[in-house]
1. Binning every alpha carbon pair distance of the chain at 20 Å from zero, what are the percents per bin?
2. Which of rounded, prolate or oblate describes segment 75-217 when judged by the alpha-carbon gyration tensor and an a/c cut-off of 1.5?
3. Give me the 1.4 Å probe accessible area per residue for the chain, excluding ligands and nucleic acids, in Å².
4. Where does the charge balance sit around C74 when Lys and Arg score +1, Asp and Glu -1, over other residues with C-beta under 12 Å from its C-beta?
5. Take the solvent-accessible surface of the protein heavy atoms, probe 1.4 Å, and return the percent of it on the chain that carbon and sulfur atoms account for.
6. Sort the following peptides by mean Cβ neighbour count (other Cβ atoms within 10 Å, averaged over residues), highest first: 21-32, 235-246.
7. Leaving out same-chain residues fewer than 8 places away, which lysines sit with a Cα under 21 Å from that of K51?
8. Taking K and R as +1 and D and E as -1, what net charge do the other residues with C-beta under 9 Å from the C-beta of A7 add up to?
Amino acid sequence: MKSFQFANESSPVSLTPDFILPEHKRPHLSEVTFSDSIPIIDLSHLDVVHKISKACEEFGFFQIVNHGVPDQVCTKMMKAITNFFELAPEERKHLSSTDHTKNVRLVNYLLRVDGGETVKLWSENFVHPWYPMDDIISLLPENIGTQYREAFTEYAKEISSLVRRLLSLISIGLGLEEDFLLKKLGEQPRQRAQANFYPPCSNPELTMGLTEHTDINALTVLLQSEVSGLQVNKDGKWISIPCIPNAFVINLADQIEVLSNGRYKSVLHRAVTNKVHSRMSMAMFYGPNSDTIIGPIQELIDEEHPQKYRNYRFSDFVEEFYCHGTKSMLN
Ligand code: OGA
Ligand code: NI
């Protein structure tokens, strides 16, 4: 097995005590369901509005195939991510930062456990905006930077159109005008990318790649490499999401839960580690403009569906989350 070193660590990654989760935070992999899974929706079929709307209500997650994004654009993106994470630690270390206001940064997330202690998660995450790419590139060795910029620029363009299409299908499914959600989220939306890398882990029962969370944005489009690891919570049980080459995993995030007045849920998910293979994914987060006021859409409130959430400015949601780790607006 090729050894891998997290950029902010001084030695190759190994299962030292600081990665080991307390018993109740462990993944308990024998309890995970592999049989039934979230819906796989063929976007070239008729009746996708109904299928998506049903998937959003029942799971908050679905996969899409025949989505129109060329395979080679996805393959190139994955290749660029691989090369990025294969950079020697000293070539990407300078990107490491715990400052969440930094536009471009390399992160190793920590889980706060009882007693205020932290446990390291078994992943490295490269976070950056969708546009512009120039300042990112100047931070990387030239050949890797150029490859990443080219792959990502093309990828982001495709994902932008896909997100518009999905937002309109979701709007129609909610009984709204086709462009409702896109307009509601506003001009200059929050568009962040997170390339995730999970090196092989000698004991996946003791660690977690990403612990359970919901995404803070509106809609997430995830591309994963051919190694499974993503799991979604349904009625308290964890379901594993199978890998389908060049399919996207779509999930509704917190802001659509609120906008839909709880009809669509932002569902808990997590990424577990793999004993043999390293795993990669690219999460494309699409969220509101920071000044957008988010709250349940008037058309979705009536006597049977009273307003479940208050109105707030999206920037306040983001700030509360990053400064306090809480999401009181969802309560
Ligand atoms: C995320 C996420 C899952 C994965 O980046 O928010 O949930 O499979 N990623 O990498
Ligand atoms: Ni997520």
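The values are calculated or read from the model by the stated rules, or taken from the named source; none is laboratory data. Every value quoted in this text rests on a predicted model; they were computed, and no experiment measured them. A quick note on method: Cβ atoms are made from the backbone with ideal geometry, for glycine too, and the neighbour counts reach across all protein chains shown. Each accessible area value is taken on the protein alone, full model and side chains, heavy atoms only, with ligands, DNA and RNA left out. Shrake-Rupley method; radii C 1.70, N 1.55, O 1.52, S 1.80 Å.
1. Spelled out per bin, shortest first, that is 31, 61, 8.
2. Numbers: a/c = 2.03, a/b = 1.30, b/c = 1.56.
Judged from the Cα gyration tensor, segment 75-217 comes out oblate (a/c at least 1.5, b/c at or above a/b).
3. On the way: 15320 Å² over 331 residues.
Here the residues of the chain average 46 Å² of exposed surface.
4. Numbers: positive: K76, K79; negative: D71, E154, E158, E226.
Taking every Cβ under 12 Å from that of C74, the sum is -2.
5. Values: 7640 of 15320 Å².
Percent of accessible area from carbon and sulfur atoms in the chain: 50.
6. Numbers: 21-32: 12.8, 235-246: 14.8.
Order by mean packing, descending: 235-246, 21-32.
7. List returned: K234, K265.
8. Numbers: positive: R92, K93; negative: E9, E90, E91, E124.
Computed value for this residue: -2.
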